[in-house]
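FYI, it's all coordinate maths here, none of it is from the lab. Note that this is a predicted model, so its numbers are computed, not measured. Cβ placement follows ideal geometry from the backbone for every residue including glycine, while neighbour counts extend to all protein chains displayed.
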Ligand code: 9MR
């Protein structure tokens, strides 16, 4: 958003008569270049009113949609407010880290399901669906992985891992993110594939293999390909959309048991959306007979203005704009936010603000009060066509 420049710069906020900020100006020498956040600026009178008191899961369910959130076991077990909020708002729960290799496999031959089991039980107890994240990923592999896994034994490790984990949870998982983030055009490899240990050891067919093995042991689960950076109107996101479509086309043409695309949707609050391109992409995905899940929604406010009131309006605007586009597509069956309250998010560690202020990416504030982002999500569900 703020293009790099060697000049020093200051940012101004235009606060209009209505008290709404719609633009940020960047002063470069004598030239002041306003940068417009169109999703708010275009709609200065936008209000985020909602009717009724229903929690998000009920509003979603009224449209045949599922709403839920990701959460960690330790937080859920220790924070009563979070627990109450999750139980009230969510129809599906994703363990944020507990089903990743790093947590499940402390040693090459040891599986520790205790933390993930606790979460599965929590979901069951509170009538929530349980979402599996994730079986095959280049990241959050255990420390021993580098020493132990190689070209010769990688297939054995992959198949054994998927079989053991999916057997353990067979029948309990609504949808499995079987493969996560396998595309990265920036790596400049064939078909836009990411340079991951799995690709290095097994070649591109590791993806298809992962779906086939999962389908064998858990034939009831919805099998998802989950990917990031697909949402915005930037050349990088466009390249990823193109590569993902090619991957899905290839998998489908080979009869791979894959049922849905997971669009992570870590939205950049300062970046623009292109409704036409996004709709086209969704419609191309559905042309392969796939469903779509919004799997990790939040709004990254790293580059948004400091004022929390201004920031919250922009974040809410992004939530509503994005959801109103994607929910128009009836193949979208679920929306999950990556967390529920600003008290717990991955963002302070990964994408903190330069002004040191707390990030505000989620529907509830750090005291579990609903923010405008909550209203925006509620409005998008209320306005969505029925599935
Ligand atoms: O939220 C997760 C955080 O706690 C972990 O430290 C991090 C490690 O990479 O992964 C985060 O979750 C990621 C998810 O598994 C895949 N998509 C991106 C998410 C945010 O980084």
Revision key, fill the gap. Of 168-175, 95-102, ordering from highest average Cβ density within 10 Å down gives 95-102, 168-175
Point to revise | Shape metrics for the stretch 236-387, restricted to C-alpha atoms - Rg then Dmax, Å | key: 16.3, 51
Review point. Going by alpha carbons, how many degrees (0 to 90, nearest 10) lie between the helix axis of 154-168 and the longest principal axis of the chain?
Key: 80 degrees
Review point. Any idea what angle helix 275-286 forms with the longest principal axis of the chain, computed on alpha-carbon atoms, 0 to 90 degrees, nearest 10?
Key: 20 degrees
Check your understanding: residue 286 to residue 350: FRET efficiency via 1/(1 + (r/R0)^6), r the Cβ-Cβ distance, R0 30 Å, to the nearest 0.05?
Key -> 0.45
Point to revise | Relative contact order of the stretch 81-231, defined on C-alpha pairs under 8 angstrom at six or more residues apart (%) | key: 24 percent
Point to revise | Packing-based ranking, highest mean first, of 351-357, 267-273 given that Cβ atoms within 10 Å are counted | key: 267-273, 351-357
Check your understanding: Which FRET efficiency, nearest 0.05, do residue 253 and residue 368 yield, Cβ-Cβ r, R0 51 Å?
Key -> 0.60
Practice item. Determine, from the Cβ-Cβ distance of residue 81 and residue 147 and an R0 of 45 Å, the FRET efficiency 1/(1 + (r/R0)^6), rounded to the nearest 0.05. Key: 0.60
Review point. Rule-of-thumb check for the stretch 135-236: C-alpha Rg over 2.2 N^0.38 Å?
Key: 1.12
Check your understanding: Taking the alpha-carbon centroid of each part, what is the distance from the stretch 263-284 to the stretch 195-244 in angstrom?
Key -> 18 Å
Check your understanding: By per-residue mean of other Cβ atoms within 10 Å, what is the highest-first order of 81-90, 143-152?
Key -> 81-90, 143-152
Exercise for review: Note the angle between two axes, namely the Cα long axis of helix 80-89 and the longest principal axis of the Cα atoms of the chain, as a number of degrees from 0 to 90, rounded to the nearest 10.
Suggested key: 90 degrees
Review point. Using alpha carbon coordinates only, what is the Rg to Rh ratio of the chain, with Rh defined as the Kirkwood radius?
Key: 0.97
Exercise for review: Could you grab the relative contact order for the stretch 204-264? Cα pairs under 8 Å, six or more apart, rounded to a whole percent.
Suggested key: 48 percent
Review point. So, in nm, how far is label residue 53 from label residue 167 when the simple model puts each one 7 Å beyond its Cα toward the Cβ?
Key: 4.9 nm
Revision key, fill the gap. Inter-part gap, Cα centre of the stretch 346-373 to Cα centre of the stretch 97-154, in whole angstrom, is 27 Å
Point to revise | Helical mean residue ellipticity (222 nm; -39500 (n - 2.57) per DSSP H run of 4+; nearest 500) of the chain | key: -11000 deg cm²/dmol
Point to revise | Highest-MSF residue in the chain out of 233, 301, 79 [GNM, Cα springs under 10 Å] | key: 79
Review point. Relative contact order, percent, of the chain when contacts are C-alpha pairs under 8 Å separated by at least 6 residues?
Key: 16 percent
